[in-house]
2 protein chains.
Amino acid sequence: MEKTIKVTGLSELDLQCVQTIRFLAMDAVQAAKSGHPGMPMGMAPAAYSLWMRHMRFNPADPKWINRDRFVLSAGHGSMLLYSLLHLCGFDLPLDELKRFRQLGSKTPGHPEFGHTPGVEVTTGPLGQGISNAVGMAIAQKYLAARYNQGDHKIFDYKIFTISGDGCLEEGVSHESSSLAGHLGLDNLIVIYDDNHITIDGKTSLSFSEEVAKRYRGYGWNVIEIGGDGHDIAAFDKAVEYAKAQSERPTMIKLRTHIGFGSPNFQDTHTAHGAPLGVDEIKLIKQSYGWDPEKSFVVPAEVSKHMAQCRQKGQALQSDYQETFKQWAKSNPGLARELQDGLEGKLAIDESKLPTFDPATPVATRSASGKMIQAVMPGLPLILGGSADLTPSNNTHFKEATDFAKDNRGGRYIRYGVREHGMGAIMNGIAVSGPLRPYGGTFLVFADYMRPAIRLAAMSHYPTIFVFTHDSIGVGEDGPTHQPVETLASLRIIPDLLTFRPADANETVRMWKYILNYKGGPVATALTRQNLPVLDPAKYPNMKNFDKGAYVLVAQDKPDVLLLATGSEVELVLKAAEKLAAEGVKAQVVSMPCWELFKKQDAAYMSSVLPQAVKARVGVEAGVRDGWDRWIGDAGRFVGMSTFGASGPYKACFEKFGLTVEAVIAAAKDSMANVKK
Amino acid sequence: MEKTIKVTGLSELDLQCVQTIRFLAMDAVQAAKSGHPGMPMGMAPAAYSLWMRHMRFNPADPKWINRDRFVLSAGHGSMLLYSLLHLCGFDLPLDELKRFRQLGSKTPGHPEFGHTPGVEVTTGPLGQGISNAVGMAIAQKYLAARYNQGDHKIFDYKIFTISGDGCLEEGVSHESSSLAGHLGLDNLIVIYDDNHITIDGKTSLSFSEEVAKRYRGYGWNVIEIGGDGHDIAAFDKAVEYAKAQSERPTMIKLRTHIGFGSPNFQDTHTAHGAPLGVDEIKLIKQSYGWDPEKSFVVPAEVSKHMAQCRQKGQALQSDYQETFKQWAKSNPGLARELQDGLEGKLAIDESKLPTFDPATPVATRSASGKMIQAVMPGLPLILGGSADLTPSNNTHFKEATDFAKDNRGGRYIRYGVREHGMGAIMNGIAVSGPLRPYGGTFLVFADYMRPAIRLAAMSHYPTIFVFTHDSIGVGEDGPTHQPVETLASLRIIPDLLTFRPADANETVRMWKYILNYKGGPVATALTRQNLPVLDPAKYPNMKNFDKGAYVLVAQDKPDVLLLATGSEVELVLKAAEKLAAEGVKAQVVSMPCWELFKKQDAAYMSSVLPQAVKARVGVEAGVRDGWDRWIGDAGRFVGMSTFGASGPYKACFEKFGLTVEAVIAAAKDSMANVKK
């Protein structure tokens, strides 16, 4: 096939390396009986050159903090990445490639962060990788601004990503690319694999926009390269040009051919997402003069040539360590700060934590804002932001300047009205070594960024999603802005912690927990409306906040348990008082984080929810789903079963029956139910 | 203020009308103590002209099928719309404007479909409206192609929308706008309220892309108009130009000023989302020579002038009815079809429904594909499609051609890799009179379109979301593509029906139900992998499918209930057989649609789930949340508590303990638990 097209910038040996990458991809997909061979076949020449000639990395230390980052946004082409990792000498043996897509292998269907050395982020759901890359580019700029000193450029890496049509069609990539242009992220280089084919057929079925014009509209450089993916001389020049930029991110739009070299399937969607078939692979191998009967072949000269990456990488990192040592010597304070950041050590000054007067009601979003104001100035490795709801989310602190083209040391990111982009960008920041991001929007708009939240959970990125306006308490904005099912929708995501604090003091404890937690992402649900402040003197059990649920009002042999979260804790406290006046002993439980509570031992759990007490009421201004687990067969639930309504929030609570009276009635009903 | 800028195209009387719109918005927001006055103030002149001079509608019949559609994508500016509706003579009295944002009023914080006459779609969550408008434009094109005959153009309406920066920043608008350009929807006119202000401050904080260039890249016309929102002569020309297009959608980019006329808050984000304050409003009224002490004033001449809309509308519709009558006479078949469509009548030819051999396993996605193939050719008012997963979703039928620039009668929409866009576009089709849309993607990517699903549910749009690849049964694609929490995430959305059929025959019944259901949106969860076909002769209770759950294997005084959905019904059936061999009577229940089951009467519910039987096992390849309600305190659940893994699907089921043996063990455990 290469004979019919012009190849530039690749020697015979280079071409054999390229061919090896292609055959490894074809063979692995064939062995797995599933996967995507076409993309690696088309992109192999450019990817080969990128890794061998342009990117700086050390296969022996895939976590080297100044490595160039590579993001395969088109994650379905995972065999391209696995082939490169293997051939470049990362700890990914050929046997793992043979076990592509098998349970327990290091080569899952789509790249998974934390699972395979050299995989920087989890990709597959389209549009996420390129958006993560924008976050990585922000992170590099911030790290460079904070730590580089004079000639000691300890952070000067670039971010490279390969994106297909699919990534560029997804809205999240539009959002993040627009922001990347706005921020002038010249350290970001996107290679667009323009192969004209999608699953349904030709991209022209649904995608005829001028991508270059669109990206130029975003403020990017766009370099268009023809040559059927084999004009590597031009590609190399384009990469060099892109690396030399100082104003704009660059897209290299590369016309390629999916399934390149396949006599029957090149340029067809057949090559996209299924094995080519044994016969076709044989035909291709024959046409390149390879032994058609052999699979997973890595010619010795290819092996030797590409293994040079290891020496090159070691040398790069050695030189770097020298620079780093000198830098650390000259900048001991910064060096300590960076080291602490890399180890996830935090110094929260307890003396600065806000306190709240129990006499003055406070919205938990405001308490959160006070906490942010109190601690963030002392935590320079946390980058804040909001999707254009700063005054509502209370995410800003006064020392924070905006991260901008001309202010790379700014710690506050104005994401714009781009929730999904924000989520994916935050994930990119979260994997960038010592940094940690938080970003705000309304709880109901968690829906807009759900795919990013899911990936954060799956990949254990320590991203902090600050959601405010957490119920019908939103009031007048109405049902479109009032979450009713959103809290439940977050609780069901594995490995995500969801917090709904009951007052200002719980909010402070929540933030302390979050800042010290490194296990994965967290989400908050904070009120718009003011809530009473729970007096710590009156409710000493709040010390058990970190256990996810605790007894706020204890009873000896309680008649009924009243369970609530967030703003509804006020309701159950009042109900308990009234019930007490009637001689009913109601134990009140605040349940700010179910996920943490589920991890407690049986003894603690039954101290909070005594098994003998079957009369229970769960109260939450959200849907019932999930609550049955806590209230049991005899329990009652006071909450929402429909969408909300536009009106003053107190009227909304009344309308939907979230009242003290309803809690009391439910308690009595449940008690009667138990007696039956 | 107008004195300082040049006004064109508006008379003194026109200006007074414009001012009335502004003051109604200011007064209503002030009375409600919340809302968004700034956008109506800036956009009033253009919106006034649009409604008075360009749009064709009849206030007396807001459902006239050939009315021009108006979508306020920037839904927070709802008072602009309510003011226009009131002044143009829709059934929205001034008293309702005075009750803006109060419970039970016709003027909720954001426009709600079905709630206020003249509101075409629910907007507020940004980016949705403009995307709905793309769906409406597709619908108009299809209806015109199908029904217009010669001079009888019974569908020749246009779609107008006002979008702000926020809408254009949201990824969903990028997706739908790109598709609109691709499809050459010349009937779509977007007015971009370019006011340079967002909640955080100036748009330049986060949004500096060249919107015009981006839209031209999508294949749109873009007309840029300065004049501070008051060069209405230019605006009028632009609208006329846009209406005359025959190749491309048009964006009219209008430089406006948020909070126009407010001495202290114009061009500031203070004017965006909060009342201006009594004093400021007085100042503004004074500056325009209005009585500062009076609110909600509609001058008699304004009232009279704008009420002309009613006569004009009546005349337009009368003329139309004449044309329609002639058309109906000449085209009785089409007229009947259209009438049936408007009434939601469907003629499903039962003789064509597919049947399945119980000996041959079939994936439910394939069964769904067969059903689509069987019925859709006879249902010309249903438009299908997929977000670039047609061969996987089995959503195509062979008679369907692609809806395209040169094929407006095509019934299959190639949405591209744009799930969110697809969801919002389908919602726009769903509100377009007689049409109904269905569209496919993987279940896990329901997350990408969740905001559109939520709005469909809230607004009762009859959109059909076809989700396939519904569990770890996806296999090798791995955890990024395996839903575990997604089914639960759909079930918790109020007013959405979620179906997970257990086999091919349940799938046929599901589709019959869906096609006859008009209450709102539905979502399906269909398998990638083959499942045994349940023999209708052996399982006659399947006739109760429409009740949401039914007894597949009945027992007299069962020892245990085994409950499952979808692919896990196979597991519980096998477990029941093995338990029977051990003398344990296990009643097997298939639960394809929880929402329908919840609506059944107590007698039916307890016939399926006898209250006396506390030993219960729920089995589903998803998270537990929601199941506790069915299995109760003594129940056990066999399902997922983590994300999935990449591997052959059978190995995945094994790895995560979704096996017959696990079901049997859980059954025994629950039975033991009951005895305790």
Any residue in segment B:334-346 that is open to solvent by less than 20 Å² (accessible area, probe 1.4 Å) and within 30 Å of B:THR161 (Cβ to Cβ)?
-> yes
Can you find even one residue in segment B:468-491 that is part of a strand (DSSP E or B) and touching a residue at least 24 places away in the same chain (Cβ under 8 Å)?
-> yes
Evaluation of A:LYS153 against (1) touching a residue at least 40 places away in the same chain (Cβ under 8 Å); (2) open to solvent by 20 Å² or more (accessible area, probe 1.4 Å); (3) in contact with an Asp or Glu (Cβ under 9 Å, 6 or more places away or on another chain) (one fails), failing number = (3)
Taking into account only those residues within segment B:582-611 that are among the polar types (S, T, N, Q) and more than 32 Å from the chain's Cα centre (by Cα), which is farthest from B:VAL553 (Cα to Cα)?
-> B:GLN611
So which residues in segment A:457-480 are within 12 Å of another protein chain (Cβ to nearest Cβ) and open to solvent by less than 10 Å² (accessible area, probe 1.4 Å)?
-> A:ALA457, A:SER459, A:ILE472, A:VAL474, A:GLY475, A:GLY478, A:PRO479, A:THR480
Yes/no for B:VAL613 being β-branched (Val, Ile, Thr), surrounded by fewer than 24 Cβ atoms within 10 Å (Cβ to Cβ) and within 14 Å of chain A (Cβ to nearest Cβ) = yes
Name, by its number, the condition in (1) more than 30 Å from B:ALA144 (Cβ to Cβ); (2) within 14 Å of chain A (Cβ to nearest Cβ); (3) buried (at least 23 other Cβ atoms within 10 Å of the Cβ) that does not hold for B:GLY104.
-> (3)
If you scan segment B:54-101, which residues turn out to be among the small types (Gly, Ala, Ser), out of contact with any Cys (no Cβ under 7 Å at 6 or more places or on another chain) and open to solvent by 10 Å² or more (accessible area, probe 1.4 Å)?
-> B:ALA60
List, please: which pairs have Cβ atoms under 6 Å, are six or more places apart or on different chains, and start with a residue in segment B:5-34 that is part of a helix (DSSP H, G or I) and end with one that is surrounded by fewer than 24 Cβ atoms within 10 Å (Cβ to Cβ) and of a type in the set (S, T, N, Q)?
-> B:ASP27/B:SER295
Qualifying residue in segment A:412-425 (condition: of a type in the set (A, V, I, L, M, F, W, C), in a strand (DSSP E or B) and buried (at least 24 other Cβ atoms within 10 Å of the Cβ)) | yes
Just need a number here: residues in segment B:131-149 that are among the aliphatic types (A, V, I, L, M) and either within 12 Å of chain A (Cβ to nearest Cβ) or open to solvent by 40 Å² or more (accessible area, probe 1.4 Å) (or both).
-> 1
Can you pull out the residues in segment A:489-502 that are over 16 Å from the mean Cα position of the chain (by Cα) and within 12 Å of A:ASP447 (Cβ to Cβ)?
-> A:SER489
From the list A:GLU485, A:GLU568, A:GLU582, which one is open to solvent by less than 30 Å² (accessible area, probe 1.4 Å), away from every other protein chain (no Cβ under 14 Å), over 23 Å from A:ALA374 (Cβ atoms) and charged (D, E, K, R)?
-> A:GLU568
Mind checking which residues of segment A:156-170 are within 14 Å of another protein chain (Cβ to nearest Cβ) and either surrounded by fewer than 22 Cβ atoms within 10 Å (Cβ to Cβ) or among the hydroxyl-bearing types (Ser, Thr, Tyr) (or both)?
-> A:SER163
Which residue pairs have Cβ atoms closer than 7 Å, lie 6 or more positions apart in sequence or on different chains, and pair a first residue in segment B:384-397 that is in the same structural domain as B:ARG365 (by TED's automatic domain parsing) with a second residue that is charged (D, E, K, R) and assigned to a helix (DSSP H, G or I)?
-> B:ALA387/B:GLU419; B:ASN393/B:ARG365; B:ASN394/B:ARG365
If you take the residues of segment B:383-409 that are open to solvent by less than 10 Å² (accessible area, probe 1.4 Å) and away from every other protein chain (no Cβ under 14 Å), which of them is nearest to B:ASP470 (Cα to Cα)?
-> B:PHE397
The residue that is nearest to the other protein chains (Cβ to nearest Cβ), considering only those in segment B:410-456 that are among the aromatic types (Phe, Trp, Tyr) and either within 12 Å of the chain's Cα centre (by Cα) or over 18 Å from B:HIS481 (Cβ atoms) (or both), is B:TYR415
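With respect to A:LYS345, determine if the residue is more than 30 Å from A:CYS88 (Cα to Cα), part of a loop (DSSP other than H, G, I, E, B) and either outside the structural domain of A:GLY433 (by TED's automatic domain parsing) or aliphatic (A, V, I, L, M) (or both).
yes
Quick one: which helices (runs of 4 or more DSSP H) sit completely within segment A:171-285 and have at least 1 residues that are within 13 Å of chain B (Cβ to nearest Cβ) and buried (at least 20 other Cβ atoms within 10 Å of the Cβ)? Can you show your working first?
On the way: elements: A:171-183, A:211-218, A:232-243.
In segment A:171-285, the matching helices (runs of 4 or more DSSP H) lie at A:171-183, A:211-218.
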Mind telling me which of the residues A:TYR438, A:TYR448 ends up being among the hydroxyl-bearing types (Ser, Thr, Tyr), touching a strand residue (DSSP E or B) at 6+ places or on another chain (Cβ under 7 Å) and at pLDDT 95 or above?
-> A:TYR438
Which of the helices (runs of 4 or more DSSP H) contained wholly in segment B:628-676 include at least 1 residues that are more than 11 Å from chain A (Cβ to nearest Cβ), basic (Lys, Arg) and surrounded by 16 or more Cβ atoms within 10 Å (Cβ to Cβ)?
-> B:660-675
Any chance B:SER163 is out of contact with any strand residue (DSSP E or B) (no Cβ under 8 Å at 6 or more places or on another chain), of a type in the set (Ser, Thr, Tyr) and modelled with pLDDT of 95 or more | no
Residue that is nearest to the chain's Cα centre (by Cα), among those in segment A:131-152 that are within 26 Å of A:ILE191 (Cα to Cα) and not aliphatic (A, V, I, L, M) | A:ASN132
Any hit, segment A:286-303, residues being basic (Lys, Arg) and either in a helix (DSSP H, G or I) or assigned by TED's automatic domain parsing to the domain that holds A:ILE413 (or both) = no
Can you pull out the residues in segment A:492-516 that are crowded, with 24+ Cβ neighbours inside 10 Å, in a helix (DSSP H, G or I) and of a type in the set (Phe, Trp, Tyr)?
-> A:TRP511
Verdict on A:VAL589 being out of contact with any helix residue (DSSP H, G or I) (no Cβ under 7 Å at 6 or more places or on another chain) and free of Cβ contacts under 8 Å to residues at least 60 places away in the same chain = no
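The values are calculated or read from the model by the stated rules, or taken from the named source; none is laboratory data. The shown structure was predicted, so the numbers you read here are calculated from the model rather than taken from an experiment. Neighbour counts run over all protein chains shown; Cβ positions are idealised from the backbone, glycine included. All accessible areas refer to the heavy atoms of the entire protein, side chains included, with ligands and DNA or RNA removed. Shrake-Rupley method; radii C 1.70, N 1.55, O 1.52, S 1.80 Å.
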